[in-house]
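S.K.: Quick one: the structure is below, and I'll ask about it shortly.
The values are calculated or read from the model by the stated rules, or taken from the named source; none is laboratory data. Please read these numbers as outputs of a predicted model, since none were measured by experiment. Methodologically, a virtual Cβ is constructed for each residue, glycine included, from the backbone with ideal geometry; neighbour enumeration extends over all protein chains shown. Just so you know, the surface numbers come from the protein's heavy atoms only, side chains and all, with ligands and any DNA or RNA stripped out. Shrake-Rupley method; radii C 1.70, N 1.55, O 1.52, S 1.80 Å.
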Amino acid sequence: MAADMRLPRVRKTLSVSESASHRRDLVVPGDIITSDTGFMRGHGTYVDDDKLTASVAGEVQRVDKLICVRPLKTRFNGEVGDVVVGRITEVQQKRWKVETNSRLDSVLLLSSVNLPGGELRRRSAEDELTMREYLQEGDLISAEVQSVFSDGALSLHTRSLKYGKLGQGVLVQLSPSLVKRQKTHFHNLPCGASVILGNNGFVWLYPTPGQQEEEAGGFYTSLEPVSLADREVISRLRNCLLALAAHKVLLFDTSLLYCYESSLQHQVKDILKPEVMEEIVMLTQQKLLEQEG
Amino acid sequence: MATAQVSEAEKVYILHGIREDLRVDGRGCEDYRHMEIETDVVSNTDGSAKVTLGHTAVLVGIKAEIGKPRPMIPNEGYLEFFVDCSANATPEFEGRGGEELGTEISNTLYKVFNNKHSVDLQSLCISPGEHCWVLYVDVLLLQCDGNLYDATSVAIKAALFSTKIPRVHISTDDEGGKEIELSDDPYDCMRIQVENVPCIVTLCKVGHRHVVDATLQEKACSVASLIISVTHKGTVTCTRKVGGGSLDPESVFEMTEAGKRVGKALHAPLMKLLQHEESLGRKTPKVGFLG
């Protein structure tokens, strides 16, 4: 019960591999990218004294003659096909507004959701009136980016049984730059829980659903209590995610699982202590290196 | 006030978790998140402290100024509280948005310190009826992630501990006029006895149980909370109920008992840490705000 109090410490950067500090493509604002005038100036750069200079901290990307800097600390810039986790902020006419950690709220059109019942039909005025029964303000959803508007706002869709309203579980909000792009962002982890690693940095942890239960178009949520064992796994995964994010480790199923394994010798609530966090992240990085090499 | 949005299903998950004494971050119902405390972080104050609790960050600065004692209590100094909510914490605080929360917290602090034992106010008196030290306690909320009251009270206790008030002497000149003389030695200063300074414990009623150090998400699930300030001996100096919901007398009693127990346990590690930091001396560099 006694509260754990300590002096703050300067956080060390933990890296097993030395390569990160020698990477030439990582720049900070003011770094000269090139003094060759043959290149075009893209996002995140400006020309100073005929030299192309970075205006944000991030990774340099070159496409032919165009040089951009992709910032690392940023809001979510969605692309078509990205898996996102978001929260409904507003119910409007024929659309929901969704908070997805982007600069503008995303849109989920009534015509791009699977309505309960599953059958494909025209959306009637009645459907429009009962929109709040499907999704109301504060509800969490998983969805896919259908298109990007010219102002950068995203249009989402949930036209698949794997997307839809989220039930019981825990949301962890992290930086979108930390989520690794992969073939699938839905994982049933062997430790007994499932995770949706949204490209927008929102991660959803939930108990693995039992038998592929009767799907009601993703709108049915079970309010049965989750077992204590599942809870412990979910809480441990949550703290692992935060530990990995604190030390800027790329998030994907393997890194999360290795981190989970490394944390098993500690109590769940101790994982967030700085020294335990360091230890676990070091172990995870070692395991990841071994697996690569 | 800063709030988090939580969906119905998330609420159910949090509620059931608390019922089973396993919260979302793995803590039990009476556990605090780990706390980082540093004193003397602002050089132009007489005492200051920064406390981070999860993502909650509070900075407290204390300035001592010479003022006139209150007419009813001529031989005591006094404390003034001011709470400022930085718009960095949440955009809602922009402009005058944080004022309501700020006055609410400062009013609570006045109540918490409104007794003879918390701070020895008589030691702040310079000459009865004429001059006394006024301690301006300025609280700045830098980040909000729940449990502002507890973090603030710990920061105030730490800041009071680090406060150094210059020693003054009163000399009488030939015509009977009094003059205040400041000591030449900058290290000749007076410390404040902080042993009896209370810490605040906020207990949130969630479902049928109560939790301490609630996060914003847990706060969103609770209807009412009880704020209790407890000294190291377990004496309660102030209780307040906040939130729209009601508490039945039995749970108020239970929560007070739990608050006393938890509050008492806060003081020992805090004092130990403050003394440890002091023993490190000036040579160890401060982490400050960029660590």
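S.K.: Can you give the accessible area of B:E254, probe radius 1.4 Å, in Å² rounded to 10?
M.R.: 90
S.K.: Could you work out the relative contact order of chain A? I mean the mean sequence separation of Cα pairs under 8 Å and 6+ apart, divided by the number of residues, in percent.
M.R.: 14
S.K.: Now for a different question. Which of the three applies to chain A, rounded, prolate or oblate, going by the alpha-carbon gyration tensor with a ≥ b ≥ c and a/c under 1.5 meaning rounded?
M.R.: It is oblate, given that a/c is not under 1.5 and a/b is not larger than b/c.
S.K.: If you don't mind, there's one more thing I want to ask. At a probe of 1.4 Å, how much accessible area disappears from chains A and B on forming the pair, both sides counted, to the nearest 100 Å²? Present the calculation step by step, with values, prior to reporting the outcome.
M.R.: Working: alone 17130 and 15370 Å², together 29150 Å².
In total, chains A and B hide about 3400 Å² from solvent.
S.K.: For chain B, with a Gaussian network of springs between Cα atoms less than 10 Å apart, report the residue from B:T56, B:T103, B:T163 with the top mean-square fluctuation.
M.R.: With Cα springs under 10 Å in chain B, the top fluctuation among B:T56, B:T103, B:T163 is at B:T103.
S.K.: Return the average number of partner chain Cβ atoms within 10 angstrom of each residue Cβ along peptide A:181-194.
M.R.: For this peptide, the per-residue mean of nearby foreign Cβ atoms is 0.
S.K.: What share of the DSSP beta bridges in the protein assembly as shown is antiparallel, in percent to the nearest 5?
M.R.: The antiparallel proportion sits near 85 percent.
S.K.: Considering every residue in A:228-240, what mean count of other chain Cβ atoms within 10 Å of its Cβ is obtained?
M.R.: 3
S.K.: Could you work out the relative contact order of segment A:27-71? I mean the mean sequence separation of Cα pairs under 8 Å and 6+ apart, divided by the number of residues, in percent. All intermediate terms of the calculation are to be shown ahead of the outcome.
M.R.: Working: 103 pairs, mean separation 18.6, N = 45.
With pairs under 8 Å counted, the relative contact order is 41 percent.
S.K.: State, to one decimal in nm, how far the label point of B:D173 lies from the label point of A:K73, with both points 7 Å from Cα in the Cβ direction.
M.R.: Rounded to a tenth, the inter-label distance reads 5.6 nm.
S.K.: If I take every Cα pair under 8 Å that is 6 or more residues apart in segment B:147-211, average their sequence separation and divide by the length, what percent do I get for the relative contact order? Let's see the in-between values first.
M.R.: Working: 69 pairs, mean separation 25.1, N = 65.
Relative contact order here is 39 percent.
S.K.: Give me the accessible area per residue for chain B, probe 1.4 Å, as a whole number in Å².
M.R.: Dividing the accessible area of chain B by its residue count gives 47 Å².
S.K.: Among all the lysines, which ones have a C-alpha under 30 Å from A:K180's C-alpha, if same-chain residues fewer than 8 places away are not counted?
M.R.: A:K12, A:K65, A:K73, A:K97, A:K162, A:K165, A:K248, A:K269, A:K273, A:K287, B:K11
S.K.: Also, quick follow-up: Partner chain Cβ atoms within 10 Å, averaged over the residues of B:25-37 - can you pull that number for me?
M.R.: 6
S.K.: Of A:L156, A:L104, A:L237, which has the largest mean-square fluctuation in a 10 Å C-alpha GNM of chain A?
M.R.: Judging by the Gaussian network model, the answer is A:L104.
S.K.: Of all DSSP beta bridges located in segment A:27-71, what percent are antiparallel, nearest 5?
M.R.: Working: 13 of 15 bridges.
So the antiparallel bridges in segment A:27-71 amount to around 85 percent.
S.K.: Grab every C-alpha pair in segment A:166-293, bin the distances at 5 angstrom width from 0 up to the longest one, and report whole percents.
M.R.: Result, from short to long distances: 2, 10, 21, 23, 21, 12, 6, 3, 1, 0 percent.
S.K.: Can you pull the percent of the protein assembly as shown's accessible area that's carbon plus sulfur, 1.4 Å probe, other chains left in place?
M.R.: Using a 1.4 Å probe with all protein chains present, the protein assembly as shown comes out at 49 percent carbon and sulfur.
S.K.: Normalise the Debye intensity by I(0) for segment B:8-282, one equal point scatterer per Cα, no solvent, then take log10 at q = 0.07, 0.14, 0.16 Å⁻¹ and round to two decimals.
M.R.: At q = 0.07, 0.14, 0.16 Å⁻¹ the computed log10 ratios are -0.28, -1.00, -1.25.
S.K.: If Lys and Arg each add +1 and Asp and Glu each add -1, what is the summed charge of the other residues whose beta carbon sits under 10 Å from the beta carbon of A:V268?
M.R.: For residues surrounding A:V268, the net value is +3.
S.K.: Continuing with the same structure: Let a ≥ b ≥ c be the square roots of the eigenvalues of the Cα gyration tensor of segment A:34-147; is it rounded (a/c under 1.5), or, if not, prolate (a/b larger than b/c) or oblate?
M.R.: prolate
S.K.: Further, regarding this structure: Return, ordered by residue number, the residues of segment A:252-284 whose backbone nitrogen is under 12 Å from a label point located 7 Å along Cα→Cβ of A:R6.
M.R.: In segment A:252-284, the label zone of A:R6 (backbone N under 12 Å from the point 7 Å along Cα→Cβ) covers A:270-280.
S.K.: Hey, another quick one. Based on the alpha-carbon gyration tensor of segment A:27-71 and its eigenvalue square roots a ≥ b ≥ c, which shape applies: rounded if a/c is under 1.5, prolate if not and a/b is larger than b/c, or oblate?
M.R.: Judged from the Cα gyration tensor, segment A:27-71 comes out oblate (a/c at least 1.5, b/c at or above a/b).
S.K.: Output the Kirkwood hydrodynamic radius of the protein assembly as shown, Cα pairs only, in Å rounded to one decimal. Working shown, then result.
M.R.: Details: mean 1/r = 0.0371 Å⁻¹.
It is 27.0 Å.
S.K.: While we're here: What accessible area per residue, rounded to a whole number of Å², is obtained for segment A:27-71 using a probe radius of 1.4 Å? Don't skip to the end; give the middle numbers.
M.R.: On the way: 2860 Å² over 45 residues.
Ligands and nucleic acids excluded, the figure is 64 Å² per residue.
S.K.: May I pose another question? Tell me, what HN-Hα J-couplings in whole Hz come from the Karplus equation 6.51 cos²θ - 1.76 cosθ + 1.60 at θ = phi - 60° for each residue of segment A:74-82, using x for Gly and Pro?
M.R.: 8, 7, 7, 9, x, 10, 4, x, 5
S.K.: Cβ under 13 Å from B:T284's Cβ, B:T284 left aside: what net charge do those residues give with Lys, Arg +1 and Asp, Glu -1?
M.R.: Taking every other residue near B:T284 into account, the sum is 0.
S.K.: Calculate the tail of P(r) for segment B:236-291: the fraction of all Cα-Cα distances greater than 12 Å, expressed in %.
M.R.: On the way: 1193 of 1540 pairs.
Result for the distance tail: 77 percent.
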